[in-house]
Structure formats: C-alpha cells, structure tokens
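To keep things clear, I will list the structure first and then write my remarks on it.
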Amino acid sequence: MKTPRVVIFKKTKRLFLRPLQLMDHENWAQAYSSMHAPQNEWDETNWLDSELSLKKFKEHLKKHQAWQNEDHFYQFGVFRKDDGLLIGFINLMDISRGLFQNAYLGYRIYNNHWGQGYAKEACQAAVEIAFKNLKLHRIEAGIEPTNKRSIRVAKAIGLRKEGLSPRRLLLRNKWIDLVLYAATSEEFGLKWKNPKK
C-alpha cells in the first residue's frame, strides 16, 4: 500500500509540529537537559550528556525516518511559535492498516512547560494529522487509571472512554492496566476514505 502523504509542518495557535531535523540537535539536547526533577511516576529525568551527543541524535533521526517510511510510527516535535523552543513531542505509533486503520497516540511535554495547555493543543493537532493526512479511521490512547492529567487531556481533545484493559502493557517490569480512550474519524466529522483508492 502506498504510504499516505504526511503534513510535515502543522501549525496551531501557539505551536508548530514537525518531524525533527538535523538542525534541531542543540534544541533537542537543551530540552532533555533542562527539565525539572521528575514530577510523577510517568515523568522522566534529564538525560546524561553522553545520550545527547550529535551521534546519538543522528541515530534517533535515522531510526524514526525508517519507521515513518514504513508507515509504522510518526514522531513530531512540538515547538513554540514565539521562540522555536522544543517543548515536547507527539507520537502516532504502532500504526495498523488493513482492517483496523488505527494508531496509538502518545505524547510528552517536558515538565518545565506543564500547566500551560500545550498538551491539549498539540494532541488536537495530532488528531488532525491522524485523520486528515494519514487517513486513519481510529486513534487510541492507553492511559494508566491513576494518570489523571493524561485522562484530562484525552477527554479535552474529544476521545471517549472505552473501558479498562487489564494487564495490557509491560512497563517498569510489571504488567499494568490501561484505560482506553479512542475516537474514529466520523466523531470528528470526517468520513473515512480508503487511502488505497
């Protein structure tokens, strides 16, 4: 199947989303070295300098470009319009075509930019990319039941709760339950069209 054409540059009111490029290395390294201490169990700490080298960044770009070429995983950096600062990323991942036409939505806003509505704004843009540009029919977000912030984001962008999926993922060396939130293109007023046609 021919890979759908992807919008490389998506604007919102305060942000723009696009795949990372080689010129973003310094911005990327700064983002991963200037976070606050982890704020909860889903947050992460600053990366070591050795993980932020240009060589590591090139490897990251190569891996993600290969995944995108395979129509399997799309990552978009989330940048602020006013200063171009990288503040997080959005993933449309584990894409399934065929009978499912589904992607999983994942995101991270670095914790020094929390509380400003960036996650909602970026995830809304990702939904548009998924349905309008990748021609997917459905997106899902699996969220741990105690992750109230992410649940608020899922609800705010129009995903509906489907229910609890017990022991769905192996994370932190244990099987964890996830609450599934999802939406189809029709729920956003978009009739799905088969990208093969």
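A short reminder: the numbers here are calculations on the coordinates, not readings from a lab. Nothing here was measured: the structure is a model prediction, and the numbers come from that model. As a convention, Cβ positions derive from the backbone with ideal geometry for all residues, glycine included, and neighbour counts pool all protein chains shown.
Per residue of the stretch 20-35, what does 6.51 cos²θ - 1.76 cosθ + 1.60 with θ = phi - 60° give for ³J(HN,Hα)? Whole Hz please, x for Gly and Pro, Karplus curve as stated.
Result, ordered by residue: 5, 10, 4, 5, 8, 4, 5, 4, 5, 5, 5, 4, 8, 10, 10, 6 Hz.
Can you tell me which of E70, E121, E140 moves the most in a GNM of the chain? Springs connect C-alpha atoms under 10 Å apart.
Of E70, E121, E140, the Gaussian network model singles out E70 as fluctuating most.
For the stretch 10-139, give the share of DSSP beta bridges that are antiparallel, in percent and rounded to the nearest 5; count only bridges with both residues there.
90 percent
Of E144, E162, how do they rank once you tally other Cβ atoms within 10 Å and put the fewest first?
Least to most surrounded, the residues fall as E162, E144.
With volume of the Cα convex hull per residue in Å³ defined as stated, name the option among [x] 116; [y] 130; [z] 146 computed from the structure displayed.
[y]
Along the Cα→Cβ direction, 7 angstrom out, place labels at I176 and L85. What is the inter-label distance in nm?
Using points 7 Å along Cα→Cβ, the separation is 2.7 nm.
Under the rule of at least 5 residues apart or a separate chain, name every residue whose amide H is placed under 5 Å from the amide H of L178.
Distant-sequence amide H within range of L178: S165, R167, R168.
Whole-Hz ³J(HN,Hα) for each residue in the stretch 169-177, computed from phi via Karplus 6.51 cos²θ - 1.76 cosθ + 1.60 with θ = phi - 60°, x for glycine and proline: what do you get?
10, 8, 9, 6, 6, 8, 7, 10, 7
Subtract the Cα-Cα distance of Q39 and K193 from 0.36 nm times their separation in residues, and report this length gain in nm to one decimal.
Using 0.36 nm per residue and subtracting the Cα-Cα distance, I get 51.3 nm.
Identify which of L164, L86, L99 has the largest mean-square fluctuation in a Gaussian network model of the chain, with springs joining Cα atoms closer than 10 Å.
Ranking L164, L86, L99 by mean-square fluctuation puts L99 first.
Taking amide hydrogens as modeled 1.01 Å from N in the peptide plane, which residues meet the under 5 Å criterion relative to V78, leaving out close sequence neighbours?
I87, G88, F89, I90
So if R0 is 30 Å, what FRET efficiency would N69 and R108 give, r being the distance between their Cβ atoms, rounded to the nearest 0.05?
0.85
Determine ³J(HN,Hα), in whole Hz, for all residues of the stretch 147-160 in sequence, where each value follows from phi through the Karplus function 6.51 cos²θ - 1.76 cosθ + 1.60 and θ = phi - 60°; x replaces Gly and Pro.
Per-residue couplings from phi come out as 8, 5, 5, 5, 5, 4, 5, 4, 5, 5, 8, x, 7, 9 Hz.
Any chance you could check the Cα centroid distance between the stretch 99-146 and the stretch 8-27 for me, in angstrom?
Cα centres, the stretch 99-146 to the stretch 8-27: 16 Å.
Cα centroid distance between the stretch 153-197 and the stretch 39-71, in Å?
Value for the Cα centre distance between the two parts: 24 Å.
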